[in-house]
Structure formats: structure tokens, C-alpha cells
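The structure appears right after this line, and notes come after that.
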Amino acid sequence: MAKKSKSTDKAQLTPESHSAFLPVDSFDLVVFGGTGDLARRKLIPALYHRFCDGQIPKNSRIIGTSRSDRSDKAYKDEVHKAYHQFSSGEDYDDKCWDDFASLLNYVALDVSDEKADWDGLAKALSQGGDRVRVFYLAVPPKLFVDICKGLKTAGLVTPNARVVLEKPLGTDYASAKAINEGVRFVFDENKIYRIDHYLGKETVQNLLVLRFGNILLEPLWSNRAIDHIEITVAESIGVGGRGSYYDGAGALRDMVQNHLLQLLCLTAMEAPASLDADDVRTEKLKVLRALRPITKDNAPDDTVRGQYARGKVDDEVVADYLTDVGVDDSNTETFVAIKAHIDNWRWAGVPIYIRTGKRMAERRSDIVIQFKDVPHSVFGNAKLNANRMVIRLQPDEAVRLWMEIKEPGAGGMRLKSLPLNLTYADNFTVRYPDAYERLLMDVVRGNLSLFMRGDEVEAAWKWVDQILGAWQDTEQRLELYQAGQDGPDKAHDMLARDDNQWV
Ligand code: BG6
């Protein structure tokens with residue numbers, strides 16, 4: 001039986017919760033796509049912060065690779081400049097950057113060239129002994145398998161080597177399966193780290209703690225007490241400079257197949273036996289497999305596709321999608337809403353509405369658990385609202401549980417909904433590490449819990465492929481919405497038909 005502990009007012013930090021700052025062993029990390037957007041915006045800054053917190057030993061090596069020739073110095077200058085361009089500058093320290101930069105090297109390697117010379121990379125990695133070797137593939141997925149083969153042929157896949165695959169993992173089920181098979185030809189499944197950076201977000205990890213660290217919620221966490229669930233990942237940005245990738249992908253592939261389905265899994269899965277990678281991933285897989293297929297029969301009612309038109313975001317006029325991407329016409333969705341069902345005992349009859357979009361009113365990710373009405377009101381005509389829990393993932397991280405309270409006052413009985421309000425800002429003063437900081441250190445430590453297993457990714461693609469197929473069969477229309485609005489009206493109609501509304 002779990003030992004009872006006294007509750008205290010202040011959050012207690014156990015040694016376990018400090019482990020994020022325990023140093024890892026020295027390692028070598030090669031970033032394919034080392035000059036790309038992800039490396040410059042996220043990976044190098046994340047490594048810099050982990051280094052400054054003393055987590056990365058000084059004799060570790062970080063090697064950026066890409067096609068073009070440049071010196072180590074030019075590479076260091078380039079990523080330094082990018083750091084200042086993309087990071088807030090909070091916690092920046094010149095001396096620490098200089099020390100960190102001594103870990104950085106650059107090797108030119110054209111991985112798309114069959115005759116590529118891998119010697120430079122082999123040389124840069126020599127004398128690393130049996131230390132952990134991480135190959136981070138921040139490149140388009142069509143290169144994944146070739147790079148893995150190249151690594152194998154060049155004899156660089158040591159027993160302690162592992163590979164990180166950045167999303168998107170293919171463009172559909174067939175391509176994802178082919179990637180999985182090709183990569184597994186070189187790396188065992190337990191050496192493959194498929195990144196979904198949402199899993200590295202503090203508030204997403206907190207979903208596990210909220211659900212499985214509190215006895216209060218579990219008895220209510222099912223169709224017995226929950227009426228419906230909403231998951232919103234809204235962005236105010238447009239597609240910016242990523243048009244050529246995005247126009248071939250769209251919101252369903254870019255956001256739903258990975259981030260939204262992962263949020264749905266963590267919200268709906270059964271309690272895993274432990275936080276071991278396979279325990280967690282097996283429970284998520286069960287959810288994905290229980291998702292009711294969306295077919296041409298239900299797609300017109302249960303899905304909405306939208307594309308942003310010109311409008312105003314934060315009082316600034318912004319262009320439409322076509323202008324952003326520089327095309328005359330496009331059938332790509334920048335918004336998608338889906339009414340999903342999980343066909344199992346726990347969730348039968350509970351609609352799970354998910355939506356995501358670019359150029360919406362504000363950047364906001366929420367999971368809303370809408371509880372049912374009380375079975376019988378003893379308050380006569382007084383309006384009684386059902387309880388609601390809102391888990392704000394970003395920004396202004398918080399958990400709010402809306403309760404009914406008696407409004408003070410003599411005579412009559414007036415009820416009011418007020419939230420039990422647990423905000424991160426009020427309770428924690430630490431800097432929240434970027435998701436990549438956590439995930440990169442987990443790769444070095446060999447902890448796969450926050451990474452997707454191959455079968456999970458394939459199951460997610462299967463569900464998404466059916467939706468894409470249904471849209472094609474029914475020629476489902478693209479609804480325009482003005483930039484700065486929360487998606488097309490049809491997305492609101494979808495919930496209104498069930499007497500619900502987006503929160
Ligand atoms: C990426 C998508 O995976 O996630 C982007 O490709 C999206 O289109 C981004 O903007 C959102 O991530 P975050 O962390 O800003 O919510």
C-alpha cells in the first residue's frame with residue numbers, strides 16, 4: 001500500500017523531480033539538417049541551455065552537418081546569430097555561450113548524393129570510444145532511410161548509437177511504414193526516437209500527473225460523469241516561410257496526426273502499469289486503435305476543413321493563405337475540426353471534439369473536460385452549470401476546475417460558477433525548459449517514454465488516411481475563415497448540433 005504522506009502548502013521537490021538537471025554522460029550528437037530551421041531555432045538553443053545548467057559534460061561533441069561547405073567558425077557564428085534572433089535572451093550568458101561553442105563542429109555532407117563521402121563525419125566522430133552517439137535527422141522524411149543506410153555503410157552505428165526522427169514521419173500510412181522498416185533495418189526499435197515535441201512540453205507531461213497522481217479524478221474520468229471533451233490547439237501565426245512544406249501537408253497531417261492525437265491519447269488512455277516507455281506507449285496505442293473510423297458517410301458531418309482568408313490578428317491586417325504560400329489556388333486546409341469517438345467501455349457515447357488552425361484569434365492550447373449535469377437539481381429554478389475542467393497547455397499554463405458555489409447573500413439561493421484556479425505562474429518561479437531540452441536529454445539517457453513507437457505512428461496514420469480518403473471521396477469543401485477568427489462557422493455548427501459549444 002502506498003505510504004501516506006502529510007500534505008504541505010508548498011510544492012515539494014523530491015530528488016526525482018530534480019533529475020532533469022543531473023548531468024548526463026559525455027556524448028556525441030550529429031544533427032543532420034544542422035543549418036536548418038529546427039536546428040537553429042530549437043535544437044542548438046536547447047543544447048545551449050542544458051549545457052549552461054551543467055547537464056552536458058564539456059567533452060561532449062555536437063556536430064552540425066548539411067550540404068554546403070563552411071568552416072567550424074562560420075557555423076558557430078551562424079547558430080549564435082540564430083540564437084539571438086529566435087530566443088528571448090532570458091538566461092543568456094556570453095561566457096557560457098563561448099564554452100558551449102567549443103563543443104560545436106561542422107561537417108559538410110550531401111546525404112542525397114549516393115557517392116557522398118562520409119569520411120569527414122567518421123573522422124569527426126573518431127576517438128569517441130563507446131560513448132552514446134546520437135544521430136538527429138532534422139531533414140525531410142524521404143531522406144531518413146538513406147541516411148541510416150549511409151551511417152551503417154560508413155560503420156558509424158556503434159552499439160551505443162541511436163537515431164532521432166523528426167516529424168513528419170512520412171506523408172501517409174504506407175510511407176510511414178516504409179520509413180519504419182527502412183530505419184529498423186539499421187537501428188533496433190528501442191534505438192529509434194520518434195519525436196513529437198508536444199510530449200516534451202511541461203503541461204503535456206503534467207497530464208500524466210494530473211490523471212494518475214490524484215485519486216479524485218479517476219472515478220469520474222469516463223462516460224459516467226463526462227459529457228464530452230474538447231481539445232483545441234489554436235495558433236495565431238500563419239504558415240510564414242514554410243509554405244512549400246505546408247501546402248503539401250495541411251493541418252491534418254501537420255498537427256492532427258501527431259500532436260492532437262497524442263494529446264487525445266494521454267487524455268483518454270487507461271493508467272499504465274508504470275511510466276516505462278512500453279507501458280505508456282501500449283496504452284496510447286489502444287486508444288488509437290479504438291478510434292472510430294471516419295468514412296465518407298460521417299466525414300461531411302463530423303469533420304470541417306478550413307483555410308484562412310485575409311483578416312486581422314492582434315490588430316494587424318494579415319494576408320490570406322494563398323498569398324502567404326505564393327500560389328493562385330490551393331485545396332490545403334489550415335484548419336481542421338473533427339468529432340471523434342473512442343469505441344471502448346470507458347468512452348462509449350462521449351464525443352471528443354478536436355480542432356487546430358493557423359491564424360486563429362490567439363495562440364491557445366486547451367483540453368476541456370465537460371462534466372455532465374447533476375442527475376437532479378434540488379435548487380428549483382436556479383440555474384445550475386455542469387462542472388468543467390480546463391487544462392490550459394499554453395500559454396499561461398493552468399488547470400481550472402469550475403465548480404458551483406452559493407453566491408453569498410440573504411434570501412433565495414443564487415448559484416455561481418467559479419474556478420478552482422491552479423496557475424503555474426502563481427506556484428512556480430522556475431524557467432520552463434523548452435520541450436526539446438527535455439527530449440534531447442532523454443535521448444542521451446536512453447529514456448523512450450516520451451517518444452512514439454513505430455506501431456503508434458502507423459496507427460495514427462491509418463486513422464488520418466481514412467479521413468483524407470473520405471475527404472477525397474466526398475470532395476469535401478474547404479470553408480474559408482477570416483484570419484483572426486476561431487475557424488469557419490461550420491466548426492461551431494458541428495458542436496451546436498449536439499447542443500455543445502467550443503469553450
Ligand atoms: C509543429 C508544426 O510540429 O508544431 C507547426 O509543424 C506548428 O506547423 C508547431 O506551428 C506548433 O508547435 P508549438 O510548440 O508552437 O505549439
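The values are calculated or read from the model by the stated rules, or taken from the named source; none is laboratory data. The shown structure was predicted, so the numbers you read here are calculated from the model rather than taken from an experiment. Virtual Cβ from ideal backbone geometry, glycine too; neighbours counted across all protein chains shown. Protein only, heavy atoms only, side chains kept; ligands, DNA and RNA dropped before computing areas. Shrake-Rupley method; radii C 1.70, N 1.55, O 1.52, S 1.80 Å.
What the table below lists for this structure:
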{"quantity": "For the stretch 386-414 and the stretch 473-494, distance of Cα centres in Å", "calculated": "31"}
{"quantity": "Global geometry of the stretch 254-321, whether rounded, prolate or oblate, following the gyration tensor of its Cα atoms and the 1.5 cut on a/c", "calculated": "oblate"}
{"quantity": "Unpartnered cysteines - no second Cys beta carbon under 4.7 Å - across the chain", "calculated": "Cys148, Cys265"}
{"quantity": "The stretch 245-347 - accessible surface per residue (Å², probe 1.4 Å)", "calculated": "41"}
{"quantity": "Net charge contributed by nearby residues that have their C-beta within less than 9 Å of Arg355 (K/R +1, D/E -1)", "calculated": "-2"}
{"quantity": "Inter-label distance, nm, simple model (7 Å from Cα along the C-beta direction), Asp110/Leu480", "calculated": "4.4"}
{"quantity": "Cα pair distances of the chain binned at 10 Å [whole percent]", "calculated": "3, 17, 27, 27, 17, 6, 2, 1, 0"}
{"quantity": "Residues of the stretch 61-102 with amide N under 15 Å of the 7 Å Cα→Cβ point at Ser244", "calculated": "67-68"}
{"quantity": "For the chain: relative contact order, % (alpha-carbon pairs under 8 angstrom, 6 or more apart)", "calculated": "17"}
{"quantity": "Alpha-carbon centroid distance for the pair the stretch 74-112 / the stretch 362-381, whole angstrom", "calculated": "48"}
{"quantity": "Two-decimal ratio, the stretch 149-286, of alpha-carbon radius of gyration to 2.2 N^0.38 Å", "calculated": "1.26"}
{"quantity": "For the stretch 394-458, the Rg and Dmax computed from alpha carbons only, in angstrom", "calculated": "20.9, 64"}
{"quantity": "Distance in nm between pseudo-label sites at Asp396 and Phe379 (7 Å out along the Cβ direction from Cα)", "calculated": "2.5"}
{"quantity": "For the stretch 136-193: accessible area per residue (Å², 1.4 Å)", "calculated": "41"}
{"quantity": "Neighbourhood net charge (15 Å Cβ-Cβ; Lys/Arg +1, Asp/Glu -1) for Glu189", "calculated": "0"}
{"quantity": "Isotropic mean projected area of the C-alpha convex hull, the stretch 367-503 (nm²)", "calculated": "14.8"}
{"quantity": "Cβ crowding within 10 Å averaged over residues, with 157-163, 237-243 ranked highest first", "calculated": "157-163, 237-243"}
{"quantity": "For Lys416, net neighbour charge (Lys/Arg +1, Asp/Glu -1) across residues whose Cβ lies under 12 Å away", "calculated": "+1"}
{"quantity": "Calculated FRET value between Lys73 and Leu422, using beta carbons and R₀ = 41 Å, to 0.05", "calculated": "0.30"}
{"quantity": "Fraction of accessible area attributable to carbon and sulfur, the chain (%, probe 1.4 Å)", "calculated": "50"}
{"quantity": "Gyration tensor (alpha-carbon) shape descriptor, the stretch 132-203, a/c threshold 1.5", "calculated": "oblate"}
{"quantity": "Residue-averaged [θ]222 nm for the chain, counting only DSSP H segments that reach four residues, each worth -39500 (n - 2.57)", "calculated": "-9000 deg cm²/dmol"}
